[in-house]
Amino acid sequence: MNKLRTVFLFILTGWLVILASSWSNDEAFGQTTPPRRVNAPYTTSVNGGWPKDRAIFWFGQVNPTSNYADVRTVYNDTQLIITLNIFDRQLWFDTSPTAVTLEQWDAVTLYLDLSGNTGSTPQSDSYRFVVQLRQEANAATYQGNGSGWEATAVTFTPTTGWRGDGVNNGAEARGWSATFKIPYSSLGLAGKPAEGTIWGLGLALHDRDDAAGSPIADQVWPETLNGGQPATWGQLHFGLPTYTPPPATPAGTTTIRHGLNGAVVADGHVGGQAVCGDPFNPNFFNGWGDANYAGDEQVNVQNQMDVADWPCFSKFYLTLPLDAVPAGKEIISATLTVYQFGNAGGPGEAEPSVIQALTVAEGWNESSITWNNAPLAVQNVARADVNPITNFPGWPGVPITWDVSGAVAEAIAVGEPLRLALYSADSEQHSGKYFTSSDTGDWNANGRPTLEVVWGDPALLVSPPVQRVEPGQFAEYILSADGLNGPVTLSAPSPSPDLLVSLSPSVITPPDTAVLTLTDTHSSVTTGIWYTVPITATGGGETQTAQAMLLVGGSQVFLPLVER
């Protein structure tokens, strides 16, 4: 299990000491610049299940010379399936390609590393797949050899398709698609990876817009990608993320909504709005990707598999402040509620959706966010089934909820607001869903996006966790174990004969507390001394641990950090 821990660096005359807090969850969170990750769902379908059930992420831009891609990912018992829908104005392919020229035309390169996104060079468990538009039979495959890439026969099934007025003729197009179906047996595996396995994943989108091959820069995911350095790639995580709340006694609920208790929530959609980008018709590559819809009271989330209809696609971004959640609390649960009031399509045409919530690390501005400059997703963390509305129940509409507990815990740990994007991997037409934004009037204030955070007290809390005294002095710490059922037995052995430790009392019944006293016995010290005292609390059949730290002499500087 990956741990997320809030840590503090204590700098003491050239020493570096790390103290970790007690909370953790099942997902790796909290780096200042977290790696891009896709959490791929498992399906029992041989063909990979419906596209709407696949995890989605995206990269690139929409303009006359740049390409953009939606990427859908799923895995089953026999293979990994990755599909790219690519927005591309000009489609060109080589009628007589060679392996070395595939990437000089419209093509996709997929990178996989079975050891994760680690290492400075491709190893034997690193793979590279290259597929060019309309040239599936000539796809190229490579395997790492410790220093670079070596052409190797790796069996997989590539498929491509396109939408537009033509290829290799300069006619305007909408785009194309590429699917990679990669059997585990081709990678030397006996079966599907265990849930929780992490591979390295990277993608490069190659573009050609004329017969001459005028240079066009690749679009890559993640943005740090160097194809020869797996450590610069993103992560492919097998299975959807989960969050296990730490032991805690529920103590309160914080409700966050724009205008409630002074909260300021920023949100807005990017893409085609609810009119399929009509102001930019028919030249959608000019301006569609740079459109801003600040102030819209109603927003759209929409996608589908037919790449020809990308002008209708729309994402919804939200930033919710978390400063109203009391400090030092454990996150038990967090639920995002957004109110649906309608859907795309005429009567009987609307289709069900699976709308995914994805975390976002970078800040953005509601007055300037666009499809092209909106932040990439960090990872998909939740999803919700959203059905068409056939009988509107009245305002505020139909509540749609996402469990974003882990994302809130992550954001609080690093002192950031909760930033999310809502998007779907739907397949059918008329799958758009309409929601109320935070810009709606006060008459519909209850219909604004709402985050409800349930928090509690840690099962075992040491307050304060760190103290400093002069030689021969003592420090007192308050121990509480409100997250355990009493009576609770406490123990705290001394780590050194130079430190006296006492507990009073050693058995408590929550919410009662105990006092831990640490007494140093030195008459003087020439350099600072750190003591770390392990504390154990046992009650109700459960055991929790924590620690108290004491610095004798020296000096200290506190620097917050987050450690995986």
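The values are calculated or read from the model by the stated rules, or taken from the named source; none is laboratory data. Computed from a prediction, not measured in an experiment: that's the story for all the values here. With ideal geometry, Cβ positions are generated from the backbone for all residues, glycine too; neighbour counts draw on all protein chains shown.
The single residue among 72, 89, 134, 128 that is in a loop (DSSP other than H, G, I, E, B), charged (D, E, K, R) and in contact (Cβ under 8 Å) with a residue 60 or more places away in the chain turns out to be 89. Does residue 496 count as outside the structural domain of residue 320 (by TED's automatic domain parsing) and surrounded by 14 or more Cβ atoms within 10 Å (Cβ to Cβ)? It is false that residue 496 is outside the structural domain of residue 320 (by TED's automatic domain parsing) and surrounded by 14 or more Cβ atoms within 10 Å (Cβ to Cβ). Would you check if there is a residue in the range 151-160 being under 20 Å from residue 80 (Cβ atoms), surrounded by 14 or more Cβ atoms within 10 Å (Cβ to Cβ) and among the small types (Gly, Ala, Ser)? No, every residue in the range 151-160 fails to be under 20 Å from residue 80 (Cβ atoms), surrounded by 14 or more Cβ atoms within 10 Å (Cβ to Cβ) and among the small types (Gly, Ala, Ser).
Restricting attention to the range 190-235, the residues being in a strand (DSSP E or B) and without any contact (Cβ under 8 Å) to a residue 40 or more places away in the chain number 1. If residue 163 passes every condition in (1) without any contact (Cβ under 8 Å) to a residue 12 or more places away in the chain; (2) over 21 Å from residue 79 (Cβ atoms) but one, which one does it miss? So residue 163 meets the others, but not (1). On the given criteria, is residue 55 small (Gly, Ala, Ser), assigned by TED's automatic domain parsing to the domain that holds residue 160, farther than 27 Å from residue 428 by Cα and in contact with a strand residue (DSSP E or B) (Cβ under 9 Å, 6 or more places away or on another chain)? When the stated conditions are applied, residue 55 does not pass them. Among the residues here, residue 173 does not qualify as of a type in the set (Gly, Ala, Ser) and within 17 Å of residue 230 (Cα to Cα).
Scanning the range 513-541 for residues that are surrounded by 18 or more Cβ atoms within 10 Å (Cβ to Cβ), modelled with pLDDT of 95 or more and in contact with an Asp or Glu (Cβ under 9 Å, 6 or more places away or on another chain) gives 516, 518, 520, 531. For the range 43-94, a tally of residues being more than 29 Å from residue 370 (Cα to Cα) and either of a type in the set (S, T, N, Q) or buried (at least 21 other Cβ atoms within 10 Å of the Cβ) (or both) returns 11. When the range 289-313 is filtered for residues that are within 26 Å of the chain's Cα centre (by Cα) and in a helix (DSSP H, G or I), the ones remaining, listed by number, are 289, 290, 307, 310, 311, 312.
Look at (1) modelled with pLDDT under 95; (2) within 29 Å of the chain's Cα centre (by Cα); (3) not aliphatic (A, V, I, L, M) and you find that residue 120 fails only one, number (1).
Within the range 292-313, the set of residues being closer than 13 Å to residue 427 by Cα and surrounded by fewer than 23 Cβ atoms within 10 Å (Cβ to Cβ) comprises 305, 306, 308, 309. The one condition from (1) over 30 Å from residue 286 (Cβ atoms); (2) hydroxyl-bearing (Ser, Thr, Tyr); (3) part of a loop (DSSP other than H, G, I, E, B); (4) out of contact with any Gly (no Cβ under 6 Å at 6 or more places or on another chain) that residue 254 does not meet is (3). Taking the range 542-564 as the range and being modelled with pLDDT under 95 and of a type in the set (Val, Ile, Thr) as the test, the residues that pass are 543, 545, 557, 562.
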